[in-house]
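The values are calculated or read from the model by the stated rules, or taken from the named source; none is laboratory data. All of these numbers come straight from a predicted model, not from anything done at the bench. All Cβ positions, even for glycine, are placed from backbone atoms using ideal geometry, and neighbour counts span all protein chains on display.
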Amino acid sequence: QIAIDLMWDQFKKRHQEFQAKGYRLTDVETYNIENFRCYAGVWHEESDSQLVEKADGWDEFKAMWFQMKDQGYRLTDVEVYFENDRRKILGVWSSKETYEVRFQVNLTWQQLVEAWKKLAKEGFLLIDLEPYASRGTVRYVGIWKAGKDIKHRLWKASSWGEFRSKWREFGRAGYRLFDIEIFREAGIKKYTGIWSPGEDNYRMWVEAPWENFQVRKIQFELEGLYMVDLEVEDDPHRRFSGVWRHGHSRLREDPPSYKELRTGGE
């Protein structure tokens with residue numbers, strides 16, 4: 001299930017409706033449409049309790065982190081944005097996940113890469129990455145989970161051609177993309193991705209208008225693929241990007257073959 005262009009109260013209501021039907025929120029996105037803050041989400045059939053909450057600033061989010069942890073919830077997805085000139089942090093928390101979670105904020109790209117390498121040696125896998133604007137620069141948030149399989153790939157590209165080339169290279173090496181971020185840094189569009197080991201079929205459709213994106217979503221679902229990541233660019237064109245894999249969860253421990261990369265821009 002996917003829903004887009006919802007106001008916050010509408011999004012919370014839709015999430016509660018889907019959760020009551022046995023669906024789990026896999027990914028959440030937030031963006032502006034004509035100065036209105038909107039939300040989009042992807043849900044899959046899985047039975048666990050989830051909470052979706054947003055905080056005013058990092059201090060409030062830190063307090064929320066410990067409160068959720070004490071209640072048995074683990075952070076699985078995060079969005080960072082500005083609303084009414086105030087920083088907001090939106091988190092998705094799941095009760096099904098029992099693994100240890102690490103969370104780091106306000107990282108430069110180099111600091112993120114260093115943390116990624118260090119935590120991998122400690123047995124932690126980067127499961128979500130979020131770039132955000134901070135005082136005229138780009139900073140990053142990372143969520144890591146403890147797990148057996150910590151072999152994964154991380155890449156930042158300065159062009160779509162570079163990202164596509166790396167996508168194919170990692171695909172041939174047996175890695176599958178499960179998280180993509182598209183943003184601007186110093187006026188230049190950048191692409192980041194996280195790959196995990198896998199041999200499953202998967203697809204990608206990038207920077208497409210909604211009508212085109214819907215058609216491809218249906219096509220990929222008919223191929224037995226499920227959307228594991230949604231990206232909505234926060235600009236006037238409101239372009240949609242998605243990653244599909246053979247399986248429901250955003251990151252599987254043992255995924256169930258590389259075929260093709262597709263983009264709405266081609």
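Considering only segment 38-53, how many residues are surrounded by fewer than 19 Cβ atoms within 10 Å (Cβ to Cβ), closer than 16 Å to Lys13 by Cα and not aliphatic (A, V, I, L, M)? The qualifying residues number 2.
Of all residues being part of a strand (DSSP E or B) and more than 16 Å from the chain's Cα centre (by Cα) in segment 1-42, which is farthest from Asp85 (Cα to Cα)? Just the residue, please. Out of the qualifying residues, it is Tyr23.
Residues in segment 124-158 that are outside any strand (DSSP E or B) and of a type in the set (Lys, Arg): Arg135, Lys148, Lys151. The combined condition, being among the β-branched types (Val, Ile, Thr), modelled with pLDDT of 95 or more and either under 14 Å from the mean Cα position of the chain (by Cα) or surrounded by fewer than 14 Cβ atoms within 10 Å (Cβ to Cβ) (or both), is fulfilled by Thr108.
Total residues in segment 189-200 satisfying the condition of being closer than 15 Å to Arg172 by Cβ and surrounded by fewer than 19 Cβ atoms within 10 Å (Cβ to Cβ): the figure is 3.
Ile89 meets the stated requirement of being at pLDDT 95 or above and in the same structural domain as Glu60 (by TED's automatic domain parsing). Restricting attention to segment 120-137, the residues that are buried (at least 18 other Cβ atoms within 10 Å of the Cβ) and either over 17 Å from the mean Cα position of the chain (by Cα) or not hydroxyl-bearing (Ser, Thr, Tyr) (or both) add up to 8.
Of all residues in segment 77-105, those satisfying the criterion of being closer than 19 Å to Arg139 by Cα and of a type outside the set (A, V, I, L, M, F, W, C) are Asp77, Glu79, Tyr81, Glu83, Asp85, Arg86, Arg87, Lys88, Gly91, Arg102, Gln104. Here Arg203, Arg184 are screened, and the one residue that is more than 25 Å from Thr26 (Cβ to Cβ) and part of a strand (DSSP E or B) is Arg184. Scanning segment 105-164 for residues being at positive phi and either among the polar types (S, T, N, Q) or touching a helix residue (DSSP H, G or I) at 6+ places or on another chain (Cβ under 8 Å) (or both) gives a total of 1.
Within segment 93-138, the set of residues being in contact with a Leu (Cβ under 6 Å, 6 or more places away or on another chain) and over 13 Å from Asp77 (Cα atoms) comprises Trp116 only. Within segment 205-225, can you find the residues that are crowded, with 21+ Cβ neighbours inside 10 Å and farther than 22 Å from Cys38 by Cβ? Phe220 - this is the single residue of segment 205-225 that is crowded, with 21+ Cβ neighbours inside 10 Å and farther than 22 Å from Cys38 by Cβ.
Lys69 passes every criterion in (1) charged (D, E, K, R); (2) modelled with pLDDT under 95; (3) in a strand (DSSP E or B) apart from (3). From the set of residues in segment 147-188 that are of a type in the set (Lys, Arg) and crowded, with 16+ Cβ neighbours inside 10 Å, which is modelled with the highest pLDDT? So, considering only residues that are of a type in the set (Lys, Arg) and crowded, with 16+ Cβ neighbours inside 10 Å, the one modelled with the highest pLDDT is Lys156.
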